[in-house]
Amino acid sequence: MGLLVPAYFYPPTYWGGLNFAASRVPLVVIMNPGSGPGAVQDPNYVAAVNSVRAAGGKVLGYVYSSYAARDTNAIQADIDTFFNFYPLDGIFVDEMANDTGTNHYNYYAGLYQYIQTKGANLLVFGNPGTTTQEEYLSRPAVDGLMTFENDVTNYPSYVPDGWVTNHLARQFCHVAYAVTNAAAMTNVVNLAASRNAGWLFVTDENNNAGNPYDRLPVYWTNEVNYMRALNLAQPATQLKILSVSNHVPSLQISGAPGVYEFQASTNLMGWVATGTIDLMTNPASVTEPAATNSPTRFYRTRQ
């Protein structure tokens with residue numbers, strides 16, 4: 001699991017806490033100078049972004065889409081400005097539509113393709129804030145979705161979409177605010193893990209003033225250390241080739257429960273996803289019939 005933090009607070013205040021987290025758990029930070037990149041480059045943000053990235057974290061620039069009502073030219077202009085001003089790892093698209101409209105699929109897929117022109121291996125996270133459609137991932141229109149963003153009182157009754165377990169945990173984020181203490185925070189982390197959410201942010205701040213992300217929670221150190229302990233406690237993932245019949249390998253995976261993606265390569269450089277498996281029993285096995293067409297095949301897996 002990792003932390004995906006809406007860092008809607010001005011640096012350097014609280015950004016040292018983000019550096020602390022980046023050295024201990026996977027961390028993605030959303031920067032938002034002014035409902036977007038702002039009009040001018042801010043040296044305080046430049047320093048903060050460089051510091052987080054040097055500590056091992058990633059930083060995304062914030063843009064909003066007004067549920068597909070905002071003109072894409074304006075969003076693209078914000079994206080251009082972000083990459084002109086700051087060394088970023090991708091973009092966070094807020095106020096994302098979650099319906100089945102073909103026009104909306106195309107709208108976000110177009111933004112996704114535009115963002116990818118800005119660099120290599122850029123991460124695009126979208127925020128419908130609630131359950132949504134699988135096609136936004138499979139199109140793709142985003143690499144990951146924030147499928148819960150709400151007061152924690154709504155989290156126990158929240159029901160993720162059934163298709164979520166067809167995908168990796170790293171493709172989903174849950175954010176819960178108004179979580180009053182560290183003990184309640186650990187309960188939210190555990191529940192998120194059981195719901196295939198690989199990214200999470202839990203805070204004691206509430207939404208009374210319209211921004212529950214104006215600071216880190218008072219239990220931030222506890223949150224980072226608890227997630228780190230959970231990660232370290234997971235059994236090591238192992239991938240084995242059990243047998244090969246007619247050039248078709250039988251692969252076995254063991255490790256922590258969750259969804260795993262299998263990838264194959266002929267040269268250890270270009271990797272192609274060949275399928276996923278939900279590891280509910282330990283171990284589990286899978287085959288790859290397409291391997292008959294390749295004289296050499298390498299495999300890896302990720303969660």
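With the Cα gyration tensor of region 178-230 in hand, give its eigenvalues times 5 under a square root as the equivalent ellipsoid semi-axes, listed largest first in whole angstrom.
Taking √(5λ) for each eigenvalue gives 19, 12, 9 Å, largest first.
Each eigenvalue of the Cα gyration tensor of region 4-111, multiplied by 5 and square-rooted, gives one semi-axis; in descending order these are 27, 15, 11 Å. Value of Rg to Rh for region 92-166, rounded to two decimals, is 0.99; Kirkwood radius and Rg both from alpha-carbon coordinates. Placing unit charges on the Cβ atoms of the charged side chains and taking the dipole of the chain about its Cα centre, the candidate lying farthest along the positive direction among LEU122, TYR62, TYR213 is LEU122. How about region 57-156: which GluC sites (Glu not before Pro) there lie in a loop by DSSP and see at most 15 other Cβ atoms within 10 Å? Those satisfying the criteria are GLU134. One way to sum up the overall shape of region 128-176 is the equivalent ellipsoid from its Cα gyration tensor, whose semi-axes run 19, 11, 9 Å, largest first. Report the extension gain between ASN154 and ASN44 in nm, rounded to one decimal, defined as 0.36 nm multiplied by the number of residues separating them, less their alpha carbon distance. The span from ASN154 to ASN44 would gain 36.0 nm if fully extended. Taking 7 Å steps out from each Cα toward its Cβ at ASP99 and ILE277 produces label points 4.1 nm apart.
With K and R counted +1 and D and E -1, the other residues having a Cβ less than 14 Å from that of ASN106 yield a net charge of -1.
Taking the inverse of the mean 1/r over every pair of distinct Cα atoms in region 238-302 gives a Kirkwood hydrodynamic radius of 12.0 Å. Which net charge results when you count Lys and Arg as +1 and Asp and Glu as -1 among the other residues whose beta-carbon is under 13 Å from that of GLU135? Local charge sum for GLU135: -2. Each Lys and Arg adds +1 at its Cβ and each Asp and Glu adds -1 at its Cβ; summed about the Cα centre, region 2-233 shows a dipole of about 640 debye.
Place a point 7 Å from the Cα of ASP80 along the Cα-to-Cβ direction; which residues of region 111-130 have their backbone N under 16 Å from it? It comes to 111, 114-119, nothing else. Zone of SER138 (label point 7 Å along Cα→Cβ, backbone N under 12 Å): which residues in region 153-172? 163-164, 166-167, by backbone N distance to the label point. Across the chain, the mean sequence separation of Cα contacts (distance under 8 Å, 6 or more residues apart), normalised by length, yields a relative contact order of 14 percent.
For region 2-233, the calculated P(r) over all alpha carbon pairs, in 10 Å bins from 0 to the bin holding the longest distance, is 8, 35, 38, 18, 1 percent. Taking the fewest neighbouring Cβ atoms within 10 Å as the starting point, the ordered list for THR186, THR102, THR165 is THR102, THR165, THR186.
If you plug the beta carbon distance of VAL248 and GLN116 into 1/(1 + (r/R0)^6) with R0 = 45 Å, you get a FRET efficiency near 0.85.
Summary of the geometry: region 37-80 and region 210-268, compared by the centres of their Cα atoms, lie 28 Å apart. Counting Lys and Arg as +1 and Asp and Glu as -1 over every other residue whose Cβ lies under 13 Å from the Cβ of GLY56, the net charge comes to +3.
Quick note: the coordinates plus some simple rules give every number you see, no bench work behind them. What you see is a predicted model; the values in this text were computed from it and never measured. Cβ atoms come from the backbone with ideal geometry, glycine included; neighbour counts cover every protein chain shown.
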